[in-house]
Structure formats: structure tokens, C-alpha cells
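The values are calculated or read from the model by the stated rules, or taken from the named source; none is laboratory data. Everything quoted here is computed from the prediction, not taken from an experiment. For neighbour counting, all protein chains shown are included, and Cβ atoms are generated from backbone atoms with ideal geometry for every residue, glycine included.
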Amino acid sequence: MDGDSPGRGRTAGGRERRTTYAPATDSRFQVPLRGVAVDSETRCTHWNSELDVVALRFGCCGTFSPCHACHVETADHDPEPWPRTRFDDPAVLCGVCGTTLSARTYLAGDSEGRSPSGSRAKPDDDTCQACGAAFNPGCRRHRDRYFES
Ligand SMILES: [Zn+2]
Ligand SMILES: [Zn+2]
Ligand SMILES: [Zn+2]
């Protein structure tokens, strides 16, 4: 029928749920990301509150997922935490604005946090430093799953 439709135009709502299996990645995000029933702000079928707008990167494949269970269900290997040697690389995605944070920034206040020059880090706030979106503070309780200690 129509040969060359660009496939865009349905933005109403913006909460489309998408499940992506390896090796594909979710094209809505600028980073490689997969998960189960992921919405446009990286909530998933497992973590679905207003605050669950963070995706975390895994050391095994370098892909972001909204949560540990999402990685288990969509990849063909076991998840491994983000390695300590790469704590300055982007490892946390804000699903609201698309900014990535390093593990060191995300975990600031907890390990010896060098604050990057010129930025006012507020280590006690679980918020995105770029857009102010609130992050689920519970994520840090499962930190050992996501970040090598
Ligand atoms: Zn992996
Ligand atoms: Zn999930
Ligand atoms: Zn943000």
C-alpha cells in the first residue's frame, strides 16, 4: 500500500510501552537500552511509579535497562554490575530529559565524590541534575546489583 511513509505522527500520550529483546535496542533513546514494557521515560513493567525514570547501564554488555529484571528478561546473558574502573563513564540515564550521569555522580556522597568543576552537586537529592526530575531513592538500596562495590 503506502510505500514511503516515514512512520511518525503518533505522539499523543507519549506513554507507549515497548519491549525490546537483544540484540535490538529501543530506538526512542539515544543510548542502547532494552527492557520490558518500557515507556518513554524508562518506566518498566517492574518499576512503574512516578519516580521510576532512571535506567542503569550494565557492565556485561554496556546496555542500559530500567532495572535488573529487565536485563534478565531481554538479554541472553546474566547481568553484571557496572565496573568500578568505569565509574566516570555514563552509566545512568534520566528517562525524563535523556541526560546521562556517571556512576560517580549518581552515587555521589557515598564514595569519595570529587565534584566536577563548576557544578553544584547536591549529593543528598535523588534528582536529575539536568532537569530536576525526582529519582526513586530505593534504587540505591539495590546498588550492589548495579554498581560494583
Ligand atoms: Zn548485559
Ligand atoms: Zn524492569
Ligand atoms: Zn533529567
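Filtering region 124-149 down to residues that are charged (D, E, K, R) and over 21 Å from Val72 (Cα atoms), which residue is farthest from ligand 3 (Cβ to nearest atom)? Spell out the reasoning first.
If we filter region 124-149 for residues that are charged (D, E, K, R), which is where we start, we get 124-126, 140-141, 143-145, 148.
From what is left, the residues that are over 21 Å from Val72 (Cα atoms) are 124-126.
Values: Asp124: 17, Asp125: 12, Asp126: 12 Å.
It comes out as Asp124.
Quick check on region 19-36. Is at least one of its residues of a type in the set (Lys, Arg) and either in contact with a helix residue (DSSP H, G or I) (Cβ under 6 Å, 6 or more places away or on another chain) or outside any loop (DSSP other than H, G, I, E, B) (or both)?
Initially, region 19-36 is screened for residues of a type in the set (Lys, Arg), giving 28, 34.
From what is left, the residues that are either in contact with a helix residue (DSSP H, G or I) (Cβ under 6 Å, 6 or more places away or on another chain) or outside any loop (DSSP other than H, G, I, E, B) (or both) are 34.
Yes - at least one qualifying residue is present in region 19-36.
Which members of region 26-48 meet the condition of being surrounded by fewer than 21 Cβ atoms within 10 Å (Cβ to Cβ), within 12 Å of ligand 2 (Cβ to nearest atom) and on the phi < 0 side of the Ramachandran plot?
Of everything in region 26-48, those that are surrounded by fewer than 21 Cβ atoms within 10 Å (Cβ to Cβ), within 12 Å of ligand 2 (Cβ to nearest atom) and on the phi < 0 side of the Ramachandran plot turn out to be Thr45, His46, Trp47, Asn48.
Give just the number: which of (1) under 18 Å from Ser149 (Cβ atoms); (2) hydrophobic (A, V, I, L, M, F, W, C); (3) within 16 Å of ligand 3 (Cβ to nearest atom) does Phe64 not satisfy?
The one condition Phe64 does not meet is (1).
If we keep just the residues of region 69-86 that are touching a residue at least 60 places away in the same chain (Cβ under 8 Å) and within 17 Å of Tyr106 (Cα to Cα), which is farthest from ligand 1 (Cβ to nearest atom)? I'd like the intermediate steps shown before the answer.
To start, the set of residues in region 69-86 that are touching a residue at least 60 places away in the same chain (Cβ under 8 Å) comprises 79, 81-84.
Those left that are additionally within 17 Å of Tyr106 (Cα to Cα): 81-84.
On the way: Pro81: 10, Trp82: 11, Pro83: 12, Arg84: 17 Å.
The selected residue is Arg84.
Taking the options Ala75, Ala12, name whichever one is modelled with pLDDT of 95 or more, hydrophobic (A, V, I, L, M, F, W, C), more than 16 Å from ligand 3 (Cβ to nearest atom) and over 10 Å from the mean Cα position of the chain (by Cα). I'd like the intermediate steps shown before the answer.
Working: Ala12 fails: modelled with pLDDT of 95 or more.
Ala75 is the lone residue from the list that is modelled with pLDDT of 95 or more, hydrophobic (A, V, I, L, M, F, W, C), more than 16 Å from ligand 3 (Cβ to nearest atom) and over 10 Å from the mean Cα position of the chain (by Cα).
Please determine, by comparing only the residues of region 64-82 that are buried (at least 18 other Cβ atoms within 10 Å of the Cβ) and closer than 14 Å to Thr19 by Cβ, which one is farthest from ligand 2 (Cβ to nearest atom). Write out each step before concluding.
So the first thing to find is which residues in region 64-82 are buried (at least 18 other Cβ atoms within 10 Å of the Cβ), and the list is 64-67, 70-71, 74-75, 79, 81-82.
Checking which are closer than 14 Å to Thr19 by Cβ leaves us with 65-67, 70-71, 74-75.
Values: Ser65: 7, Pro66: 5, Cys67: 4, Cys70: 3, His71: 8, Thr74: 9, Ala75: 12 Å.
That would be Ala75.
Being within 16 Å of ligand 3 (Cβ to nearest atom), in contact with an Asp or Glu (Cβ under 7 Å, 6 or more places away or on another chain) and either assigned to a loop (DSSP other than H, G, I, E, B) or of a type in the set (Phe, Trp, Tyr) (or both), is that true of even one residue in region 44-57?
So far as region 44-57 goes, yes, one or more of its residues are within 16 Å of ligand 3 (Cβ to nearest atom), in contact with an Asp or Glu (Cβ under 7 Å, 6 or more places away or on another chain) and either assigned to a loop (DSSP other than H, G, I, E, B) or of a type in the set (Phe, Trp, Tyr) (or both).
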